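S.K.: Below are the structure tokens for one structure; questions will follow.
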Amino acid sequence: MYGAQRYRWRAPKNTVIASPFSPGYIDSYTSKGSGTMSNNYGDYQLGVYLQGMMGHQPDFPFELNDVEQQAREALDPRAYWYVAGGAGAGETVRRNRRAFARWQLTPRMLSDVSTRDHRVTLFGETFNAPLLLGPVGVQEIIHPQAELAVARAAKSLGVPMVLSTLSSYPLEAVAETLGDSPKWFQLYWPGDPALATSLVHRAERAGYTAIVVTLDTKLMGWREKDLQTAYLPFLEGKGIANYVTDPVFCDALELPPASDMQSAIGHWAQIYADASQTWDHLEALRNATTLPIVLKGILHPDDAQKAMDHGVDGIIVSNHGGRQVDGAIGALNALPEIVDKVPNMPVLFDSGIRHGADMVKALALGAKAVLLGRPYVYGLAVDGENGVKHVVQRLLADFDVTMALIGVAKSGDLCRAHVTREDALPG
Ligand SMILES: Cc1cc2nc3c(=O)[nH]c(=O)nc-3n(C[C@H](O)[C@H](O)[C@H](O)COP(=O)(O)O)c2cc1C
């Protein structure tokens with residue numbers, strides 16, 4: 001089932017053009033090579049065309065719809081729909097994409113874009129590109145290597161990974177796989193403050209450098225595809241590795257999970273979220289850690305202001321990929337007003353990022369960085385670590401090329417002048 005489509009390139013002999021596996025090319029991801037800090041990710045395409053000259057055709061799709069289609073063929077339909085499905089009628093899933101189409105780029109000519117720089121500094125750490133792999137839970141339903149495969153791909157490309165609380169491998173194992181590669185931990189904020197503190201402290205000890213608190217899942221969204229097959233993987237004991245390895249969680253059980261998994265699952269279902277939490281509860285979390293706290297799921301400028309007032313360090317504008325509130329605002333539509341409301345707070349973005357132009361638009365509208373969601377999961381389904389790498393490489397290359405072609409050499413220079421809203425266009 002897995003690995004049917006291997007993505008393997010052979011570097012042509014005696015070539016000076018960067019190929020996808022030439023040391024120079026890899027260095028453009030990791031910044032370990034020349035020390036120039038250039039991130040000309042777009043050179044990837046030169047390698048692809050050169051391989052074509054040598055008679056090698058890509059055996060992994062470049063069009064994202066085709067990657068998704070291959071994932072669909074590789075996966076159990078229940079797993080596919082768990083990823084692809086949205087809440088309700090899927091209106092917000094579609095709206096997330098439509099929101100990007102409302103903004104257009106006007107390329108500008110004759111600026112020096114020979115060397116591109118995509119570095120971004122967030123909470124004191126500098127990343128090579130304004131892209132993180134977003135938190136996606138229960139990846140064992142996609143691939144047996146799950147988050148470990150994603151971690152290996154993230155590490156090899158130097159792209160930060162945000163690990164979900166609902167991971168299939170414990171956070172310590174994923175941290176070990178990531179080594180010194182950048183990593184954040186996403187917290188599903190449990191009702192039991194002692195458990196929340198325990199998870200946060202484990203993440204700290206394991207080397208995660210920020211805590212992303214997801215706010216938009218007090219209840220699970222109304223997901224008709226999953227309801228139709230009565231499929232919730234957590235109830236099969238999947239995606240709860242961080243709980244069954246947690247001392248506070250286990251202390252609340254009569255028998256250890258290894259002896260009575262059903263009771264552990266039942267306890268998890270009761271405590272994993274707390275619908276009574278309010279802004280005031282943030283103080284306890286704030287006091288539990290010195291790590292930066294980033295709130296995920298903000299869609300209203302007043303909530304962004306409240307986040308600021310409650311001493312958090314950053315926010316992620318997101319509607320959870322349309323999986324929670326059908327009818328919710330397209331996430332990109334929420335971004336500009338939020339950035340204007342909290343100009344001094346780092347604002348990140350997800351929900352609908354598919355192409356390089358999407359990244360350019362989100363950054364131009366004020367996001368400091370974006371998170372990738374479903375696309376890398378489709379890559380994982382198709383070919384594990386290699387699939388994730390391919391999806392991320394194609395996105396970064398597309399982003400780099402698009403940015404250069406509109407006349408911008410540094411992603412930090414992208415601003416509103418680079419985008420025009422459709423209804424403001426002349427003609
Ligand atoms: C299958 C799946 C599982 C997810 N699990 C989590 C999670 O555990 N924690 C979280 O904060 N967000 C989770 N998300 C939401 C993503 O982090 C992100 O907000 C969303 O995928 C963005 O939408 P997009 O993938 O359509 O771009 C999940 C999304 C999907 C598709």
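Each reported figure results from applying straightforward, stated rules to the coordinates on display, with no laboratory input. Computed from a predicted model, the values in this text were never measured in an experiment. Cβ coordinates were reconstructed from backbone atoms using ideal geometry, including for glycine residues, and neighbour counts include every protein chain displayed.
S.K.: Among Asp350, Asp180, Asp43, which one shows the biggest mean-square fluctuation in a GNM of the chain, springs joining Cα atoms closer than 10 Å?
M.R.: Asp180
S.K.: Going through segment 215-288, which GluC sites (Glu not before Pro) have at most 10 other Cβ atoms within 10 Å and a DSSP loop state?
M.R.: Answer by residue number: Glu254.
S.K.: Which residue fluctuates most in the GNM of the chain (Cα springs below 10 Å): Arg94, Arg116, Arg323?
M.R.: Most flexible of the set in this elastic network: Arg94.
S.K.: For Ala149, what is the net charge nearby, where nearby means another residue's Cβ is under 12 Å from its Cβ and Lys, Arg count +1, Asp, Glu -1?
M.R.: Surrounding charge for Ala149 is -1.
S.K.: Right, here's the next one. Within a Cβ distance under 9 Å of Trp103, other residues only, what is the Lys/Arg minus Asp/Glu net charge?
M.R.: That sum, taken over residues with Cβ under 9 Å, equals +2.
S.K.: Could you tell me which of rounded, prolate or oblate describes segment 189-307, using a ≥ b ≥ c as the square roots of the eigenvalues of the alpha-carbon gyration tensor, with rounded for a/c under 1.5 and, failing that, prolate when a/b is larger than b/c and oblate otherwise?
M.R.: Oblate shape, in that a/c is at least 1.5 and b/c is the bigger or equal ratio.
S.K.: Greater than 32 Å separation of Cα atoms is the criterion. Which listed pairs, Lys155/Lys341; Lys155/Lys296; Lys225/Lys341; Lys341/Lys389, meet it?
M.R.: On the way: Lys155/Lys341 34 Å; Lys155/Lys296 23 Å; Lys225/Lys341 37 Å; Lys341/Lys389 36 Å.
Checking Cα-Cα distances, Lys155/Lys341; Lys225/Lys341; Lys341/Lys389 exceed 32 Å.
S.K.: Among residues other than Phe349 whose Cβ falls under 12 Å from its Cβ, what is the net charge (Lys/Arg +1, Asp/Glu -1)?
M.R.: Its environment carries a net charge of +1.
S.K.: Still on this model: Kindly put Asp398, Asp423, Asp66 in sequence by how many other C-beta atoms sit within 10 Å of each C-beta, fewest to most. Walk me through the numbers on the way to the answer.
M.R.: Details: Asp398 23, Asp423 6, Asp66 13.
Sorted ascending by nearby Cβ count, the order is Asp423, Asp66, Asp398.
S.K.: Can you compute the FRET efficiency between Asn287 and Lys341 using 1/(1 + (r/R0)^6), with r the Cβ-Cβ distance and R0 = 22 Å? Round to the nearest 0.05. Don't jump to the answer; show the numbers that get you there.
M.R.: Working: r = 26 Å, r/R0 = 1.17.
Working from the Cβ atoms, E equals 0.30.
S.K.: Could you give the length gained by full extension between Ala409 and Glu63, i.e. 0.36 nm per residue of separation minus their alpha carbon distance, to one decimal place?
M.R.: Working it through step by step, the gained length comes to 122.0 nm.
S.K.: Remind me, relative contact order of the chain in percent, using alpha carbon pairs under 8 angstrom and six or more residues apart?
M.R.: Result for the chain is 24 percent.
S.K.: Using +1 on the beta carbon of Lys and Arg, -1 on that of Asp and Glu, and nothing else charged, what's the dipole of segment 218-276 about the Cα centre, debye to 20?
M.R.: 280 debye
S.K.: Ranked by Cβ crowding within 10 angstrom, fewest neighbours first, how are Phe123, Phe399 ordered?
M.R.: Lowest to highest Cβ neighbour count: Phe123, Phe399.
S.K.: Report the one residue of Leu219, Pro257, Val408 whose Cα lies farthest in the direction of the positive end of the charge dipole of segment 61-424 (charges on C-beta: Lys and Arg +1, Asp and Glu -1; origin at the Cα centre).
M.R.: Val408
S.K.: Karplus couplings for segment 179-190 from phi (6.51 cos²θ - 1.76 cosθ + 1.60, θ = phi - 60°), rounded to Hz, Gly and Pro as x?
M.R.: The phi angles translate into x, 8, 6, x, 8, 10, 10, 9, 9, 7, 7, x Hz.
S.K.: Using the reciprocal of the averaged 1/r over all distinct C-alpha pairs, how large is the Kirkwood radius of segment 134-207 in Å?
M.R.: 12.3 Å
S.K.: Report the residue, chosen from Pro58, Pro182, Pro292, that carries the largest GNM mean-square fluctuation when the chain is represented by alpha-carbon nodes joined by springs under 10 Å.
M.R.: Result: Pro58 has the largest fluctuation of those listed.
S.K.: What residues qualify as long-range amide H neighbours of Ile316, i.e. H under 5 Å apart, gap of 5 or more or another chain, H built at 1.01 Å from N?
M.R.: Excluding prolines and chain starts, which carry no amide H, the hits are Leu295, Lys296, Gly297, Ile298, Leu348.
S.K.: Indicate, rounded to the nearest 5 percent, the antiparallel portion of the DSSP beta bridges found entirely in the chain.
M.R.: On the way: 6 of 30 bridges.
Restricted to the chain, the bridges split so that about 20 percent are antiparallel.
S.K.: Sort Asp309, Asp192 so the one with the fewest other Cβ atoms within 10 Å of its own Cβ comes first.
M.R.: Working: Asp309 11, Asp192 15.
With the sparsest Cβ surroundings first, the list reads Asp309, Asp192.
S.K.: Give me the three principal axis extents of segment 61-424 from the C-alpha atoms, as integers in angstrom, largest value leading.
M.R.: Sorted largest first, the three principal extents are 70, 47, 41 Å.
S.K.: Nothing charged except the Cβ atoms of Lys and Arg (+1) and of Asp and Glu (-1): what's the magnitude of the dipole of segment 99-235 about its Cα centre? Round to the nearest 20 debye. Walk me through the intermediate numbers first.
M.R.: Details: 12 positive and 13 negative charges, 74 e Å.
Using only the charged Cβ atoms, the result is roughly 360 debye.
S.K.: Simple spin-label model, 7 Å along Cα-to-Cβ: Ser114 to Gln277 in nm?
M.R.: Between Ser114 and Gln277, the simple spin-label model gives 5.1 nm.
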